[in-house]
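The structure appears right after this line, and notes come after that.
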Amino acid sequence: MRRIGKTAAALAILSAMCLSGCSQAQPGAEDTSSPSLVTPSPSPIQSETPTPPDPMDEVYPVDTQEDAAKILEQAYEGLVQELTFRFAQEDLSLQDRSILLQNASNQVLSVRPELKYAYALECADGAEGTVCKISYMPYKLGYPDGVPEGAVEIHNLAELVAAADNALGAEEIPIVIRDPELLVDDMQRALQQAGYSYVVYTLNSDATAICASPGVSETMEQNLEAVQEVQRLAKETAEKILTDTMDDEEKLRAIYGFIVENTTYDYRYYQAPDTMPYESRTAFGPLQNGTAICGGFSWAFRMLCEEAGIPCWNVTGTGAGEEHMWNCALIDGAYRYFDTTWDAGRADESQWRYFARTEEEISQDHFWGVGQQELIHALTQQ
């Protein structure tokens, strides 16, 4: 099993989720009636018996990288596991041919990211030309070699997030993905919802495991201690502001009110970013320090919803020209959008402008990050 270590790419994922800039601007927005959020169409029917690939047993001539890309795209679509290429330039070394084919593969996947289940190429000299063996993530092939021992079954993106958060402390979590239609990029984005902004989760190279790496502190143990502390704070806060007699809407109002009344925006983000503590980017900011940027506001809202038993997700995108983060949570049987950052300081509920907004309403001044709209739709239909 291949593992993903503590890489710059993994840290970039965390930055995109909650560590980057966030907007504290509060553009005006009039309240309107809240029509029901359109329910996305259901996921494709799951299948564990993929269609056998069409053979591509010809010898394919290659003059350019574009020639190879066209053939590889066709092969990836059909899950073809071996191809033979004949290069017009016969004196090319195997290394040069391998580089050309790898560049062609990268070209295909940059344009067709839905094909990223083709994750590796291995080239060798053959009797008729350059033999290219293609490795596919086994969830696309029905796990022909069997599933990893003790693997957590994953049927949808929400279960993928839960698998990560339920195994906090594990550096590698074996999984078996039961929906072959899930896309690699969607799964990677979904994993940004896990880890409470202290642990970075990514799929390993063949999607047979979720791998964890430290998000901010040097060691995983330090990050886990931070997670445990922020979970304790969320539990204590929930016990103070929520009661068993409250319905979900009352709980959401109590959570929203607590955050906007007790949290100020941490302007060190603009004025002296080097002096701003990392805590302002996490739920620790609102729950302990009373100051945060948008990532902290959003994580605090989500963790308090978690304590209340209310489904809630983080949403990343832009607002007022800057990177921003807000929430989507279930209220009265429908998912609505909440932005505590842009309502900070408004103690009077009648002045709240971003409590339980519909998708149409929130989209007037909040703009989706790459793949976020599709991700939230997928998470909220499960």
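Any read-out appearing in this document is the output of simple, stated calculations on the displayed coordinates, not a laboratory observation. None of these values were measured; they are calculated from a predicted model. Every residue, glycine as well, gets a Cβ built from its backbone with ideal geometry; the counts of neighbours run over all protein chains shown.
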Task: Lys, Arg +1 and Asp, Glu -1 on Cβ, resulting dipole of the stretch 262-382 about Cα centre, debye, nearest 20 - done: 160
Open item on the list: Run the helix sum for the chain: -39,500 (n - 2.57) per DSSP H stretch of 4+ residues, divided by residue count, reported at 222 nm to the nearest 500 deg cm²/dmol.
Closed with: -10000 deg cm²/dmol
- [ ] Return the distance in nm (one decimal) between the two label points of a simple spin-label model at residue 74 and residue 272, each offset 7 Å from Cα along Cα→Cβ.
- [x] 6.4
Open item on the list: Under a Cβ-only charge scheme (Lys and Arg +1, Asp and Glu -1), can you give me the dipole magnitude of the chain about the Cα centre, in debye to the nearest 20?
Closed with: 620
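Rounded if a/c is under 1.5, else prolate if a/b is larger than b/c, else oblate: which is the stretch 219-380, with a ≥ b ≥ c the root eigenvalues of its Cα gyration tensor?
Details: a/c = 1.35, a/b = 1.08, b/c = 1.24.
Note, shape of the stretch 219-380 comes out rounded.
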TODO: Give me the distance in nm between label points sitting 7 Å out from Cα along the Cα-to-Cβ direction at residue 221 and residue 155, one decimal.
DONE: 3.9
Open item on the list: Expected output is a single nm value to one decimal: the length gained when fully extending between residue 172 and residue 236, i.e. 0.36 nm times separation in residues minus the C-alpha distance. What is it?
Closed with: 20.0 nm
- [ ] Just name one of 107, 138, 76: the one whose Cα is farthest towards the positive end of the charge dipole of the stretch 59-140 (beta-carbon charges, Lys/Arg +1, Asp/Glu -1).
- [x] 138
Open item on the list: Nearest 5 percent is fine: what portion of the DSSP beta bridges confined to the stretch 59-140 is antiparallel?
Closed with: 75
Open item on the list: Taking the Cα of residue 363, stepping 7 Å toward and past its beta carbon, and measuring to each backbone N in the stretch 316-350: which are under 16 Å?
Closed with: 316-319, 328, 335-338
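Output the relative contact order of the chain, whole-number percent, from Cα pairs under 8 angstrom with separation of 6+ residues.
Details: 676 pairs, mean separation 72.3, N = 382.
Once divided by the residue count of the chain, the mean separation gives 19 percent.
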Task: Within a Gaussian network of the chain (alpha carbon springs, distance under 10 Å), most fluctuating of 213, 205, 350 - done: 350
TODO: Please say if the stretch 59-140 is rounded, prolate or oblate, where rounded means a/c under 1.5 for a ≥ b ≥ c the square roots of the C-alpha gyration tensor eigenvalues, and otherwise the choice is prolate for a/b larger than b/c and oblate otherwise?
DONE: prolate
Open item on the list: I want the local charge near residue 108. Using Cβ-Cβ distances under 9 Å, sum +1 for each Lys or Arg and -1 for each Asp or Glu among the other residues.
Closed with: +1
Open item on the list: What is the sum of charges, Lys and Arg at +1 and Asp and Glu at -1, for the other residues whose Cβ falls under 13 Å from the Cβ of residue 290?
Closed with: -3
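Kindly state, to the nearest 0.05, the FRET efficiency for residue 289 paired with residue 349, given R0 = 22 Å and r defined as their beta-carbon distance.
Details: r = 24 Å, r/R0 = 1.11.
Between residue 289 and residue 349 the formula returns 0.35.
Run the dipole for the stretch 59-140 about the Cα centre, Lys and Arg Cβ at +1, Asp and Glu Cβ at -1, nothing else charged, and hand back the magnitude in debye, nearest 20.
Numbers: 7 positive and 13 negative charges, 79 e Å.
Charge dipole, the stretch 59-140, about its Cα centre: 380 debye, nearest 20.
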- [ ] Subtracting the Cα-Cα distance from 0.36 nm times the residue separation, let me have the gained length for residue 370 to residue 112 in nm, one decimal.
- [x] 91.4 nm
Task: Summed residue charge, Cβ within 15 Å of residue 192's Cβ, Lys/Arg positive, Asp/Glu negative - done: -2
Task: Length added when fully stretched, residue 66-residue 229, from 0.36 nm per residue minus Cα-Cα - done: 53.4 nm
Open item on the list: How large is log10 of I(q)/I(0) for the chain at q = 0.07, 0.09 Å⁻¹ when the intensity is taken from the Debye formula with one equal scatterer per alpha-carbon?
Closed with: -0.38, -0.59
